[in-house]
1. Expressed as a whole percentage, what fraction of the accessible surface of segment 150-234 belongs to carbon and sulfur atoms when a 1.4 Å probe is rolled over the protein heavy atoms?
2. Can you give the relative contact order of segment 48-180 as a percent, counting alpha carbon pairs under 8 Å and 6+ residues apart?
3. PRE reach from residue 81 (point 7 Å along Cα→Cβ): which of segment 207-234 fall under 20 Å by backbone N?
4. Over the chain, with the other protein chains present, what is the accessible area per residue in square angstrom, probe 1.4 angstrom?
5. With springs connecting C-alpha atoms under 10 Å apart, model the chain as a Gaussian network and identify which of 182, 142, 76 has the largest mean-square fluctuation.
6. Could you give the dipole magnitude of segment 175-234 about its Cα centre, charging the beta-carbon of Lys and Arg +1 and that of Asp and Glu -1, in debye to the nearest 20?
7. To the nearest 0.05, what FRET efficiency results for residue 46 and residue 199 with a Förster distance of 35 Å applied to their C-beta separation?
8. Between residue 221 and residue 39, how many nm apart are label points set 7 Å from Cα along the C-beta direction?
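The values are calculated or read from the model by the stated rules, or taken from the named source; none is laboratory data. Just so you know, these numbers come straight off a predicted model, no measurement behind them. FYI the Cβ positions are ideal-geometry reconstructions off the backbone, even for glycines, and counts take in every protein chain you see. These area figures cover heavy atoms from the full protein model, side chains too; ligands, DNA and RNA do not enter into them. Shrake-Rupley method; radii C 1.70, N 1.55, O 1.52, S 1.80 Å.
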Amino acid sequence: YAITNKLLQLANSSFYGGTGHGVKTISNAIHRLGMNVIRMTCNGLMYFDAMKDGDQNLKDTLISSFVSAFICRHFAIRLRHQNMAEEAFICGMFHRLGKSLTIFYFHEEFDEIERLIKTYNLDDETASTRVLGIGYSRLGMAVAERWKFPETIRGSIQYLGFEKLPKPAKPVEIQQQIATFANELCELAANSPVEQGPLRLTEFSTRFSELVLLSPTELVQLLEAAFKKLKEFS
């Protein structure tokens, strides 16, 4: 019942183009947003509700996932893929599923992963593989498959490495790169020393230049706009 109420509030919100109280039933919401978006949104609401009592690391990760989701939705529209916008939001939100689950269920292992990252300057995927025997992304994809998420959602969790990415062609590839772009940008903003910020942003911009070319200044403006949207949405 609580999930239904939240879902109807979302369907009526300006975020989904609502005007107030036009959507009064789940069938109305499906008609407006589509079955797939409704199903994924319900999963998202239940997922975040289940993890709301986690520690500060988990809360930081979940907030970052939400900010990433807003960026994903923005870029799907900006790249003229309006039909992908709502699914892009969900892709961005679940991109760090494996990491979130690890923080929630495996505290000691997560602490060890963070120690390896700081001590040896490893990336998340390498460090999590050493500790768990499986990387965050593979863990997230396996759970998403168990939860019967569609291919685009599962694919958006996949780890893409740190090389310059090719121009995406298929819908799955577009969603993959948008989700990775948004989540890596939030990670970069949270973890980069101030003096390294401009260089890191320039490298980041080059890496995703086949998807979208933005200057470091535009990337900062994008983050600021996403956090503003988060405040409105929350």
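1. Carbon and sulfur together cover 58 percent of it.
2. Value for segment 48-180: 24 percent.
3. The answer is 207-215, 219, 222-223, 226, whose backbone nitrogens lie closer than 20 Å to the label point.
4. On the way: 12520 Å² over 234 residues.
Normalised by residue count, the accessible surface of the chain is 53 Å².
5. 142
6. Numbers: 5 positive and 8 negative charges, 34 e Å.
The dipole of segment 175-234 has a size of about 160 debye.
7. 0.30
8. 3.9
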